[in-house]
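Trainee: Could you have a look at this structure, given as structure tokens, before my questions?
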Amino acid sequence: MKVAAPSARDFRRNPLTAAAWLALAAYVAYACSRLDFTWARFVSGLDNGARFIARMLPPHIEQPDALLTGLAESLEIAVLASCLGILVSLPIGLAAARNLMPAWASWPARALIALCRSFHPVIVAILFVKAVGFGALAGILSLAVGSIGFIGKLFAEAIEEISLKQVEAVRATGAPFMSLVSYGVLPQVFSRFIGFATYQLDSNLRNSTMVGIVGAGGIGGTLFAAFQRFDYDFVCAILLCIIGMIMAGEVLAAWVRGVFLEHGKVEEE
Amino acid sequence: MTASALSIRNLDKEYARGKPVLRGISLEIGATGITAIIGPSGTGKSTLIRCVNRLVEPTAGEIRFQGEDLVKLDRKGLRLARRQIGMVFQEYNLVERLSVMENLLCGRLGYVSPWKAWLRKYPQADIDRAFSLLDTVGLAGLANQRADSLSGGQRQRVGIARAIMQEPKLLLADEPTSSLDPKTSVEIMALISSICRGNSIPVMVNMHDVELAKRFADRIIGMSGGTIVYDGGPAGLDEGVLKEIYGGEGWLQ
């Protein structure tokens with residue numbers, strides 16, 4: 001009792017916490033002033049916004065062919081990129097799981113996943129457009145890269161959380177490594193994996209409408225062109241169609257979950 | 001007892017350098033019968049059992065099984081040896097999300113190619129054996145239940161059936177009854193005893209419950225501080241010996 005420092009029985013707020021909050025507030029104020037982020041500018045901008053919205057209404061489908069082919073291409077990009085990404089991320093995610101793999105396998109796999117995750121799909125799409133040319137191929141590749149990063153990381157984390165007792169029991173039977181994975185590991189992560197995969201399909205569907213802006217195929221190209229021509233009523237029609245497609249995608253993802261996980265319930269972990 | 005099924009010589013294990021858990025264990029396990037290992041917690045009973053199939057790597061020593069030194073085997077050799085050693089776990093260690101039948105067939109994974117195992121294409125003989133074993137352990141009709149829907153006693157029955165599916169030449173059991181109630185514990189030990197005596201499989205089992213060990217084992221090994229302090233029949237396990245194994249005496253009253 002006597003040796004304890006006098007402050008041991010004090011109950012006070014941690015001064016570091018207070019300092020951190022203060023620093024955040026100061027930085028927000030500084031950033032606002034630098035970027036001219038003020039109420040007056042917002043109010044003057046509202047006027048502009050109202051005129052823009054007025055020109056969007058009523059929506060008008062000016063080029064039905066471009067709209068339909070764009071939407072179809074976006075859907076194709078999303079599905080192909082998801083399939084490719086999921087297929088490639090399975091072995092990479094497995095290799096990255098530190099509880100099953102030695103360091104010489106997991107570190108390169110983790111580095112690859114980190115690399116895939118470090119850029120936004122649009123930046124990757126720009127790189128692929130430069131590499132393989134304009135069109136859907138660039139879009140598919142760029143979204144596949146993003147999918148590998150996302151699913152690979154979550155898959156590896158899911159494997160790192162499994163019960164090793166079940167793996168140990170399968171190992172004790174003398175099972176070869178691939179059977180150890182298919183019986184001891186995969187059943188434990190399957191439902192979560194389906195969850196990641198359908199979420200990624202959903203997210204790829206949204207991203208596939210955007211990579212077209214940089215020329216990587218899909219509805220984004222049509223949308224961007226309509227903006228540049230000031231065809232705001234066509235822009236509005238395209239946006240409504242994208243909303244419809246995303247909603248259909250949600251339904252599709254829920255259906256996929258339902259097929260793989262009985263009654264579509266995501267199981268508790 | 002004829003030739004021994006397993007012979008352990010001078011087995012050492014230290015998890016951290018300079019802190020041995022097992023110190024020079026030498027032990028012969030006969031070709032039949034149940035050998036129970038008792039001793040206080042932390043004395044290395046579990047480590048000893050796990051060193052046999054190298055779920056824990058021994059530090060030094062020799063473990064001879066079927067004419068080979070298990071300690072020296074490479075990955076492939078170890079895998080082939082493990083096929084002949086069944087194991088039953090304290091917490092059953094079933095694959096929770098697989099069906100009872102799939103868990104039983106896990107016992108055949110060492111004999112079936114990964115591709116066929118993935119497609120669930122097992123030889124018909126294995127499947128027939130699995131169904132008859134399910135009858136034997138009293139779980140007929142539960143083949144398609146998921147393992148996580150079973151009770152503790154039922155799970156351990158699946159665990160035993162999985163180990164027996166391997167047609168093992170030795171059965172290791174690491175505290176097989178410690179997660180079960182007293183009545184179920186007796187039933188599980190009776191099941192292990194009857195199956196293994198019926199198939200002439202020698203059993204090496206860790207136990208906490210001295211009375212249960214006395215009731216089912218042919219031979220009792222008492223361990224304390226990483227060494228063997230008693231080796232003999234259940235009848236010789238008197239108060240003096242128990243005092244030596246567990247230390248103290250207040251608990252014996």
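Trainee: So who's got an amide H within less than 5 Å of the one on residue B:219, skipping anything under 5 residues away but keeping other chains? H placed 1.01 Å off N, in plane.
Mentor: B:34, B:36
Trainee: Just the number, please: percent antiparallel of the DSSP beta bridges in the protein assembly as shown, rounded to the nearest 5.
Mentor: Given both bridge residues lie in the protein assembly as shown, the antiparallel proportion sits at roughly 55 percent.
Trainee: Work out how much length residue A:83 to residue A:16 would gain on full extension: take 0.36 nm times their residue separation and subtract the Cα-Cα distance, in nm to one decimal.
Mentor: Separation in residues times 0.36 nm, less the Cα-Cα distance, equals 19.4 nm.
Trainee: Calculate one ³J(HN,Hα) per residue across region A:151-167 by plugging θ = phi - 60° into the Karplus curve 6.51 cos²θ - 1.76 cosθ + 1.60, and present them in order as whole Hz with x for glycine and proline.
Mentor: 5, x, 5, 5, 5, 4, 5, 4, 5, 5, 9, 6, 7, 6, 5, 5, 5
Trainee: A follow-up question, please. When the Debye formula is applied to the Cα atoms of region A:89-197, each taken as the same point scatterer, what base-10 log of I(q)/I(0) results at q = 0.12, 0.14, 0.22 Å⁻¹?
Mentor: -0.48, -0.61, -1.10
Trainee: Further question on the same structure: Rank the residues B:129, A:229, B:9 as a footprinting-exposure proxy: fewest other Cβ atoms within 10 Å of their Cβ go first.
Mentor: Working: B:129 20, A:229 11, B:9 15.
Taking fewest neighbouring Cβ atoms as first place, the list is A:229, B:9, B:129.
Trainee: What FRET efficiency comes out for residue B:113 versus residue A:246 if R0 is 60 angstrom and r is the Cβ-Cβ distance? Round to the nearest 0.05.
Mentor: Calculated transfer efficiency: 0.85.
Trainee: Cα axis of helix B:152-165 to longest principal axis of chain B: angle in degrees, 0 to 90, nearest 10?
Mentor: 80
Trainee: While we're on this one: For peptide B:74-85, compute the average count of partner chain beta-carbon atoms within 10 Å of each residue's beta-carbon.
Mentor: Mean shielding count: 2.
Trainee: Please identify the GluC sites (Glu not before Pro) of region B:152-253 that satisfy two criteria: DSSP loop assignment and at most 16 other Cβ atoms within 10 Å. Which are they?
Mentor: Answer in residue order: B:249.
Trainee: Still on this structure, please answer the following. Would you kindly derive the ³J(HN,Hα) couplings of region A:11-20 from the backbone phi angles with the Karplus curve 6.51 cos²θ - 1.76 cosθ + 1.60 (θ = phi - 60°), listing them in order in whole Hz, with x for Gly and Pro?
Mentor: Once θ is set to phi - 60°, the couplings for region A:11-20 become 10, 9, 5, 5, x, 5, 4, 4, 5, 5 Hz.
Trainee: Could you work out the mean projected area of the convex hull around the alpha carbons of the protein assembly as shown, in square nanometres to one decimal? Intermediate results must be reported in sequence, preceding the final value.
Mentor: Values: hull surface 150.4 nm².
In nm², the orientation-averaged hull projection of the protein assembly as shown is 37.6.
Trainee: Let me ask something else about it. Tell me, A:165, B:76 in order of fewest to most beta-carbon neighbours within 10 Å? Present the calculation step by step, with values, prior to reporting the outcome.
Mentor: Numbers: A:165 16, B:76 9.
Listing A:165, B:76 from fewest to most nearby Cβ atoms yields B:76, A:165.
Trainee: Now a separate question. What does the helix-only formula give at 222 nm for chain B: each DSSP H stretch with n ≥ 4 adding -39500 (n - 2.57), the total divided by the residues, and the result rounded to the nearest 500 deg cm²/dmol?
Mentor: Per the formula, -10000 deg cm²/dmol.
Trainee: Mind checking B:117-123 for the average number of partner chain beta-carbons within 10 Å of each residue's beta-carbon?
Mentor: 2
Trainee: Which stretch or stretches of region A:74-95 have amide N atoms under 16 Å from the point lying 7 Å from residue A:157's Cα along the Cα→Cβ direction?
Mentor: Flagged as within label range: A:93-94.
Trainee: Report, by chain and number, residues whose modeled amide H sits under 5 Å from the one on residue B:95, excluding near sequence neighbours (fewer than 5 apart, same chain).
Mentor: HN-HN under 5 Å from residue B:95: empty list.
Trainee: I would also like to ask the following. For the protein assembly as shown, with the dipole built from +1 on Lys and Arg beta-carbon atoms and -1 on Asp and Glu ones, taken about the Cα centre, which of A:43, B:216, A:248 lies farthest toward the positive end?
Mentor: Value: A:43.
Trainee: Taking every DSSP beta bridge that has both residues in chain B, what percent is antiparallel when rounded to the nearest 5?
Mentor: 55
Trainee: Going by alpha carbons, how many degrees (0 to 90, nearest 10) lie between the helix axis of B:182-198 and the longest principal axis of chain B?
Mentor: In chain B, helix B:182-198 runs at an angle near 80 degrees to the longest axis.
Trainee: Counting only other chains, what is the mean number of Cβ atoms within 10 angstrom of the Cβ of each residue in peptide B:152-165?
Mentor: Partner Cβ neighbours, averaged per residue: 1.
Trainee: Also, quick follow-up: Once the cut-off is 17 Å, how many percent of the Cα-Cα pairs in region A:1-100 end up in the long-distance tail?
Mentor: Above the 17 Å cut-off, region A:1-100 has 81 percent of its Cα pairs.
Trainee: While we're looking at this one, here's another question. Quick one: 3J(HN,Hα) in Hz for region B:102-108, Karplus 6.51/-1.76/1.60 with θ = phi - 60°, rounded, Gly and Pro as x.
Mentor: Karplus-based 3J(HN,Hα) across region B:102-108 equals 5, 5, 4, 5, 3, x, 9 Hz.
No lab work stands behind these numbers, since they all come straight from the coordinates. The structure presented is a predicted model; accordingly, all values stated were derived computationally and were not measured. Cβ coordinates were reconstructed from backbone atoms using ideal geometry, including for glycine residues, and neighbour counts include every protein chain displayed.
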